[in-house]
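Working notes, beginning with the structure itself.
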There are 2 protein chains.
Amino acid sequence: MAIHKKEEFSQKEQDLAAFAKALAHPARIAILKLLAQRNECICGEIVEVLPLSQSTVSQHLKELKTAGLINGNIDGPRSCYCINWKAFEKFMGEFSFLFNKLKVQNEKACC
Amino acid sequence: MAIHKKEEFSQKEQDLAAFAKALAHPARIAILKLLAQRNECICGEIVEVLPLSQSTVSQHLKELKTAGLINGNIDGPRSCYCINWKAFEKFMGEFSFLFNKLKVQNEKACC
DNA sequence: CTCCCTAATCGTATATTTGCGATATAAGAT
DNA sequence: ATCTTATATCGCAAATATACGATTAGGGAG
């Protein structure tokens, strides 16, 4: 890649792409699923469930956090994560807006 | 990456991740937006709109097609793409199922 | 058939992601 | 103060992704 061209796209496009990138790995999907399923936020239980090392899981958690999809209470000995539903809904909403809405006027596709 | 661990996750997790990965680049978001906006399916007009070379755009189109998000009529001189709304809805539905549904029982988050 | 035009593919350079072991950090227990 | 436990971070290796120019392929026009 000579130069990153990502900056040349609109902010909204970049934001949606960043959101999608955060979801673009089965481990992160699995983490989010776990966080969504448990009543209590989890910490290192994730490490036991996933087929990945502790450091790798920690890295995935960091990516999800950086993307704003999860919140983390790093309080001392154990840290507690949970889904940031607000951010989640925001992005899902934007996707729906972008694609579901435009779909109506475009039903007669050629292929 | 010593070994790819992606295979160790469930098929559904892998599928969702693959879908997200297809969306994980502003260029591909822009392409999908374009395809959704135009009544007619487009071909190389995309190249003119995007700040990328023809070969790069072609590669992104290929990725979207491989992911099943778009259909392509490669009919001779010019090829015509359009969004595969069915696949799109399938994935959006699965995301909603996974996250929106689980949200209800998990409103009292700790962080 | 030869000349265009459009689009796909190849080869390659560079950037980013993924994964892990080792190490650091931070708080509670002894 | 030291040990333990739970996480985060660093450094590195390998795999992927991104981008582009050059080339190839496949029609239509003349």
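For this structure, a couple of remarks:
- Out of B:55, B:96, sole residue that is modelled with pLDDT under 85, part of a helix (DSSP H, G or I) and of a type in the set (Gly, Ala, Ser): B:96
For every residue, the table says whether it meets (1) in contact (Cβ under 8 Å) with a residue 40 or more places away in the chain; (2) under 20 Å from residue A:21 (Cβ atoms); (3) within 9 Å of DNA strand D (Cβ to nearest atom).
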| site | (1), (2), (3) |
| --- | --- |
| A:55 | no, no, yes |
| A:63 | yes, yes, no |
| A:70 | no, yes, no |
| A:77 | no, no, yes |
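- Which numbered condition residue B:33 fails, given (1) in contact with a Leu (Cβ under 8 Å, 6 or more places away or on another chain); (2) more than 7 Å from every other protein chain (Cβ to nearest Cβ): (2)
- For the residues B:8, B:107, B:63, B:45, the requirement of being at pLDDT 95 or above, open to solvent by 60 Å² or more (accessible area, probe 1.4 Å) and not basic (Lys, Arg) singles out B:63.
- Within segment B:66-80, considering residues that are out of contact with any helix residue (DSSP H, G or I) (no Cβ under 6 Å at 6 or more places or on another chain) and at pLDDT 80 or above, the one farthest from the other protein chains (Cβ to nearest Cβ): B:66
- Scan of segment A:11-30 for residues that are within 11 Å of the chain's Cα centre (by Cα), at the interface with chain B (Cβ under 7 Å from one of its Cβ atoms), open to solvent by less than 60 Å² (accessible area, probe 1.4 Å) and of a type in the set (D, E, K, R), ordered by number: none
- The residues in segment B:6-37 that are in contact with a Pro (Cβ under 6 Å, 6 or more places away or on another chain) and assigned to a helix (DSSP H, G or I) can be counted, and the count is 5.
The values are calculated or read from the model by the stated rules, or taken from the named source; none is laboratory data. Keep in mind that this is a model prediction, so the values were computed, not measured. In this analysis, Cβ positions are derived from the backbone assuming ideal geometry, glycine residues included, and neighbour counts consider all displayed protein chains. For the accessible areas, the whole protein counts, side chains as well, though only heavy atoms, and no ligand, DNA or RNA atoms are used. Shrake-Rupley method; radii C 1.70, N 1.55, O 1.52, S 1.80 Å.
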